[in-house]
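Only one structure is covered here, and it is reproduced in the block below.
The values are calculated or read from the model by the stated rules, or taken from the named source; none is laboratory data. Every value quoted in this text rests on a predicted model; they were computed, and no experiment measured them. Don't worry about glycine lacking a Cβ; one is built from the backbone with ideal geometry, like all the others, and counts go over all protein chains shown. Ligands, DNA and RNA are excluded from the accessible area calculation, which covers all protein heavy atoms including side chains. Shrake-Rupley method; radii C 1.70, N 1.55, O 1.52, S 1.80 Å.
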Amino acid sequence: MTARLPVFPLATVLFPGLVLPLHIFEERYRALVRHLVGLPEGAPREFGVVAIRSGWEVAPAAGRSAVGTGEVTLHEVGCTAELRQVTELADGGFDIVTVGRRRFRVADMDRHSAPYLTAEVRWLPEPTGPDEVAAVLAARVIAVFRQYLGLIRPEAGELTEQLPEDPTVLSHLVAATAALTVADRQRLLAIDDTAARLRAELNLLNREAALLRQVRAVPVPLAELATAPPTPN
């Protein structure tokens, strides 16, 4: 089954069930928000979020060149974002809150028929019913994820107490919460089978935990690296 969706390229990966707040400042995406808000009552207010593979998907300001940004390319698998909250700003932009809903694969991208990208997409299958293998793997992922969070966030006890028991929901939460690269997250999003996704997460979490134990330190945030040291008196 296929559908046509507005598409919002981002430098992040959205997973089903996860909250994604966005600040909308470009006119083409303001038009997208206005389109969604104007849909009839009861119509799904969804757009597709697709991670950027390369390039920079920001339109140049008036009178400025886009030279150096390169042609943007997107990953093939994305997730729809359901519009839940819209706040219109004085400058005409929007602050919105969305929630991930359904995974899809891009079949055809249209860059010309609307101010924003649209795509024909095919919905990806989601598991239904109990899965004993996934349930066993989920218990192992929870144990390793708690150890991993303890290494990077000593105060993460409250979060670990709220981990979902549903294997599919858990797999999406871990993929979105762990400090993974966009490429790692994208690979996890593209996996259709919950057990396979959990198995891949076990490997990633064990790898990251081993690195953290080896260096005995959490990597310094880039923002701190960019801050000049204090000048001595």
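In region 15-35, how many are part of a helix (DSSP H, G or I) and buried (at least 18 other Cβ atoms within 10 Å of the Cβ)? Break it down stepwise before answering.
In the first step, residues of region 15-35 are kept if they are part of a helix (DSSP H, G or I); the result is 27-35.
Keeping just the survivors that are buried (at least 18 other Cβ atoms within 10 Å of the Cβ) gives 29-30, 32-33.
The total comes to 4.
From the list Leu137, Leu149, which residue is within 21 Å of Ala210 (Cβ to Cβ) and touching a residue at least 60 places away in the same chain (Cβ under 8 Å)? Talk me through it step by step, then tell me what you get.
Values: Leu149 fails: touching a residue at least 60 places away in the same chain (Cβ under 8 Å).
When all the criteria are applied, what remains is Leu137.
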Fill in: The listed residue being touching a Lys or Arg at 6+ places or on another chain (Cβ under 7 Å) and either open to solvent by 20 Å² or more (accessible area, probe 1.4 Å) or of a type in the set (D, E, K, R) (or both), out of Thr2, Thr12
Thr2
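Out of contact with any His (no Cβ under 9 Å at 6 or more places or on another chain), at negative phi and either among the hydrophobic types (A, V, I, L, M, F, W, C) or surrounded by fewer than 17 Cβ atoms within 10 Å (Cβ to Cβ) (or both), is that true of Ala114?
Values: out of contact with any His (no Cβ under 9 Å at 6 or more places or on another chain): no; at negative phi: yes; either among the hydrophobic types (A, V, I, L, M, F, W, C) or surrounded by fewer than 17 Cβ atoms within 10 Å (Cβ to Cβ) (or both): yes.
Considered against the rule, which asks whether it is out of contact with any His (no Cβ under 9 Å at 6 or more places or on another chain), at negative phi and either among the hydrophobic types (A, V, I, L, M, F, W, C) or surrounded by fewer than 17 Cβ atoms within 10 Å (Cβ to Cβ) (or both), Ala114 comes out as no.
Need a quick list: helices (runs of 4 or more DSSP H) entirely within region 126-195 having at least 1 residues that are modelled with pLDDT under 90 and either in contact with a His (Cβ under 9 Å, 6 or more places away or on another chain) or small (Gly, Ala, Ser) (or both).
Numbers: elements: 132-152, 157-161, 167-177, 182-189.
Because the criterion is at least 1 residues that are modelled with pLDDT under 90 and either in contact with a His (Cβ under 9 Å, 6 or more places away or on another chain) or small (Gly, Ala, Ser) (or both), the helices (runs of 4 or more DSSP H) in region 126-195 that meet it are 132-152, 157-161.
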